[in-house]
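**Q** The structure's right below; bear with me while I get my questions together.
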Amino acid sequence: MAHAAPTASRRHRPAASVNADHTDRNRMVRALALGLVYGVWAAFINRQTGPVDAGNVFYGILCGALFAAIMYALAKVGPRLKREVHATAYGVFAGIAAGYLHSLTRESVLGAAVIGLFVGLGVGLTAFYRYYTREP
């Protein structure tokens, strides 16, 4: 009996898969909610105090869907990245999104770049602090 192979203990964790599904659903809901807000905001700025038409509605839906898709992808892939890269990704995304919204106001491109830079730096530093202090 000394040569008998040890039995492998395999644990089945149904709670982990249920928890993963719940987390994935939360990511989706958050991304859709933020995408909705971003889309409405973009459509409102693009309207420029004119009447609401189908073009504005389609523009808002398109902007919101793109924002939600990128946000969901960052939320899904981000935890697998290093904390520095994860925080940088969120900072770059927030900076681009804010700069684009500011560029819709038809102000200067330099102003949109500065707004995007400061928003991106703020979000990136805040995200890095959060990931650094909550790392296991």
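**Q** Among the residues that make up the stretch 68-80, is at least one of them farther than 30 Å from Glu135 by Cα and out of contact with any strand residue (DSSP E or B) (no Cβ under 6 Å at 6 or more places or on another chain)?
**A** For the stretch 68-80, residues farther than 30 Å from Glu135 by Cα and out of contact with any strand residue (DSSP E or B) (no Cβ under 6 Å at 6 or more places or on another chain): absent.
**Q** Now for a separate question. Go through the stretch 44-83 residue by residue and tally those that are loosely packed, with under 13 Cβ neighbours inside 10 Å and of a type in the set (D, E, K, R).
**A** Residues meeting the conditions: 3.
**Q** May I ask you to verify whether Val92 is touching a residue at least 24 places away in the same chain (Cβ under 8 Å) and surrounded by fewer than 17 Cβ atoms within 10 Å (Cβ to Cβ)?
**A** When the stated conditions are applied, Val92 passes them.
**Q** Of the numbered conditions (1) out of contact with any helix residue (DSSP H, G or I) (no Cβ under 9 Å at 6 or more places or on another chain); (2) modelled with pLDDT of 85 or more, Asn19 fails exactly one; give the number of that condition.
**A** All conditions are met except number (2).
**Q** If you go through the stretch 81-92 one residue at a time, do you hit one that is of a type in the set (Phe, Trp, Tyr), at pLDDT 90 or above, under 19 Å from Val123 (Cα atoms) and in the same structural domain as Gly120 (by TED's automatic domain parsing)?
**A** yes
**Q** Select from the stretch 102-124 the residues that are within 16 Å of the chain's Cα centre (by Cα) and either surrounded by 19 or more Cβ atoms within 10 Å (Cβ to Cβ) or more than 21 Å from Phe67 (Cα to Cα) (or both) and list them in ascending order.
**A** Passing the criteria: Gly116, Val119, Gly120, Val123, Gly124.
**Q** Do we have any residue at all in the stretch 42-64 that's aliphatic (A, V, I, L, M), closer than 19 Å to Leu125 by Cβ and part of a loop (DSSP other than H, G, I, E, B)?
**A** Taking every residue of the stretch 42-64 in turn, none turns out to be aliphatic (A, V, I, L, M), closer than 19 Å to Leu125 by Cβ and part of a loop (DSSP other than H, G, I, E, B).
The values are calculated or read from the model by the stated rules, or taken from the named source; none is laboratory data. All values reported here derive from a predicted model rather than from experimental measurement. Neighbour counts run over all protein chains shown; Cβ positions are idealised from the backbone, glycine included.
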